[in-house]
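Participant: Questions regarding the structure given below will be posed in turn.
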Amino acid sequence: MDKSYWKIFWNGVIPGNPVFVLLLGICATLGTTSSAMNGLMMGIATAVVLVCSNIVVSLVKDFIPDKVRIPAYIVIIATFVSVLQLAISAWMPALNESLGIFIPLIVVNCILLGRAEAFAGKNNVTASFFDGLGCGVGFILALTLLGAVREFLGVGALFGAKIYPEDYGMLVFVLAPGAFIALGYLIAIVNKIRRV
């Protein structure tokens, strides 16, 4: 892999992580990370749409008039989200039940539109692929880590496997306030590590 593509990929994973650094996509981040598995699956779903939409936006950017650029990007993203939702409904009904409304809400996730506008609309297909992949991997890592912390502290489990009795868990971490608390601490830890 070309070093410049590696740098584009790596930027989305840690230095420009969409959740911990750019603070984008917080709605999905907080809403779906009550468990590590939910965070992982939502991260993968978003990453797939991000990579596919980046590629298509990069391919058609020269044919889209400036006045309808943003609506066109949203239509491209919505198309991939619709295909993804239909596939998940057909082949993974339990996941569809678990993530519920958050799958269609991928369309309005500002990470996707932000990457389409800031990067894919200005770069070639290969660079856009690596940008989408890097941000997608960063989003997967962030959601999985947050979900794992919340699940471990809330119910004493990790990916559904019991670590300690649920009686000792702190229910607040499974609920919405726990998402804010855990995310705040993780952002602080990531910022500390980035400055070292």
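The values are calculated or read from the model by the stated rules, or taken from the named source; none is laboratory data. If you're wondering where the values come from, they're calculated on a predicted model, not measured in any experiment. In this analysis, Cβ positions are derived from the backbone assuming ideal geometry, glycine residues included, and neighbour counts consider all displayed protein chains. To get the accessible areas, we keep the full protein, side chains included, count just its heavy atoms, and leave off ligands, DNA and RNA. Shrake-Rupley method; radii C 1.70, N 1.55, O 1.52, S 1.80 Å.
Participant: How do the helices (runs of 4 or more DSSP H) wholly within segment 1-111 filter down when requiring 1 or more residues that are within 27 Å of I187 (Cα to Cα) and under 15 Å from the mean Cα position of the chain (by Cα): which remain?
Facilitator: 3-13, 26-32, 36-60, 93-99
Participant: Separate question: Return the only residue of N96, N109 being touching a Ser or Thr at 6+ places or on another chain (Cβ under 9 Å) and either more than 20 Å from L22 (Cα to Cα) or β-branched (V, I, T) (or both).
Facilitator: Just a single option satisfies the conditions, and that option is N96.
Participant: Any residue in segment 168-182 that is under 17 Å from L23 (Cα atoms) sitting within a Cβ distance under 8 Å of a residue that is open to solvent by less than 70 Å² (accessible area, probe 1.4 Å) and not in a helix (DSSP H, G or I)? List the pairs, counting only those 6 or more apart or interchain.
Facilitator: Partner pairs satisfying both residue conditions: A179/T33; A179/S34.
Residues are listed down the side, and each one gets a yes or a no for (1) modelled with pLDDT of 90 or more; (2) closer than 23 Å to I26 by Cβ; (3) in contact with a helix residue (DSSP H, G or I) (Cβ under 7 Å, 6 or more places away or on another chain); (4) open to solvent by 60 Å² or more (accessible area, probe 1.4 Å):
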site: V75; (1), (2), (3), (4): yes, no, no, yes
site: L113; (1), (2), (3), (4): yes, yes, yes, no
site: K122; (1), (2), (3), (4): yes, no, no, yes
site: S128; (1), (2), (3), (4): yes, no, yes, no
site: G134; (1), (2), (3), (4): yes, yes, yes, no
site: F139; (1), (2), (3), (4): yes, yes, yes, no
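Participant: Consider segment 49-67. How many of its residues are over 15 Å from V125 (Cα atoms) and open to solvent by 70 Å² or more (accessible area, probe 1.4 Å)?
Facilitator: The qualifying residues number 3.
Participant: Considering only segment 139-196, how many residues are in contact with a Lys or Arg (Cβ under 7 Å, 6 or more places away or on another chain) and assigned to a helix (DSSP H, G or I)?
Facilitator: The total comes to 4.
Participant: Okay, next question. Let me confirm something: among A45, A87, which residue is open to solvent by less than 40 Å² (accessible area, probe 1.4 Å) and under 15 Å from T144 (Cβ atoms)?
Facilitator: Selected residue: A45, the only one of A45, A87 that is open to solvent by less than 40 Å² (accessible area, probe 1.4 Å) and under 15 Å from T144 (Cβ atoms).
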